[in-house]
Amino acid sequence: EMGMFGENSVKETIVQVALTKPEAGFQLAWSHTKYPKGGFVFQEGTPLTANPFSFSVPFTVNSFSGGGYFYLAPEISISGGINKLYYTASDGNTDIEVSSGDRGSAITGVVTLQWEKAFFEQLTLGASYGVPTYMIDNPSNGGTDEQPNMILGFANWTISDNIRISPSIYWTNGAGGRNDEGTSTLGFIMMTSFFF
């Protein structure tokens, strides 16, 4: 059955609770997503995290996350978050050695240090360390991943009311997952924003 509410559509439920104040904030979230057999899954980490069951069975993902920010000083803040995902097979498949109800898991996290009004009022500098989503437990024969890593340095410079430039440099290692663990990438991005 096709269509927006058919058995082959993705269904998602989200609950989020947040407490925010100017000097600090915290949030918790839970989501529950049902994916059909062979359905498209948006990849946010290693290839294996898109579907640890080789697109051969329908499955659900329960995601639990927490995050927050805290100002150490008026212009210096630290923020971060962690997310744990649980994949549950809704059917079995002997080809990938998975049974209905088998559960795998993945994890991701990030921490960021940011300095606003650095050197002059229009400049913000920051650095982040993150772990892209990767499989830490998998009941199927698809296996698990080694931990990938990512480091990012960034700046936001408001040149005028109409122009902002945002250069960043990043390094990733192992984001290709179990079939590409040793690959590292060094990159640079320059984004320019115009406001009218």
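What follows draws every value from the coordinates through simple rules; no lab data is involved. Every value quoted in this text rests on a predicted model; they were computed, and no experiment measured them. As a convention, Cβ positions derive from the backbone with ideal geometry for all residues, glycine included, and neighbour counts pool all protein chains shown.
Amide H contacts under 5 Å for V57: G38, restricted to partners 5 or more places along the chain or on a different chain, H placed in the peptide plane at 1.01 Å from N. Above 20 Å, the calculated P(r) of segment 80-196 contains 58 percent of its Cα-Cα pairs.
Please give the peptides 146-159, 15-28 ranked by average Cβ packing (other Cβ atoms within 10 Å per residue), highest first, as a rough proxy for protection.
In descending order of packing, they fall as 146-159, 15-28.
For the pair R103 and F64 in one chain, pulling the backbone fully straight at 0.36 nm per residue adds 12.6 nm over the alpha carbon distance. Orientation-averaged projection of the chain equals 13.9 nm² [convex hull of Cα atoms, one quarter of hull surface area]. What are the GluC sites (Glu not before Pro) within segment 75-140 that DSSP puts in a loop, where the Cβ has at most 10 other Cβ atoms within 10 Å? Passing both the DSSP loop test and the Cβ count: E121. Note on segment 149-196 and segment 71-140: Cα centroid distance 17 Å, given to the nearest whole angstrom. Packing around the peptides 56-62, 163-169, 174-180, taken as the average count of other Cβ atoms within 10 Å per residue, puts them in this order, highest first: 56-62, 174-180, 163-169. In a DSSP loop and with at most 10 other Cβ atoms within 10 Å, the chymotrypsin sites (Phe, Trp or Tyr not before Pro) in segment 96-147 are F119, F120. Computed from backbone phi with θ = phi - 60° and the Karplus coefficients 6.51, -1.76 and 1.60, the 3J(HN,Hα) list for segment 128-134 is 10, 10, x, 10, x, 4, 8 Hz; x is used for glycine and proline. Short-range pairs are left out: with C-alpha atoms under 8 Å and at least six residues apart, the relative contact order of the chain is 14 percent. Applying the Karplus relation 6.51 cos²θ - 1.76 cosθ + 1.60 with θ = phi - 60° to segment 104-115 yields 3J(HN,Hα) values of x, 8, 9, 9, 8, x, 8, 9, 10, 10, 10, 10 Hz, where x marks Gly and Pro. Ellipticity at 222 nm from helices only: DSSP H runs of n ≥ 4 in the chain, each -39500 (n - 2.57), divided by the residue count, give -500 deg cm²/dmol.
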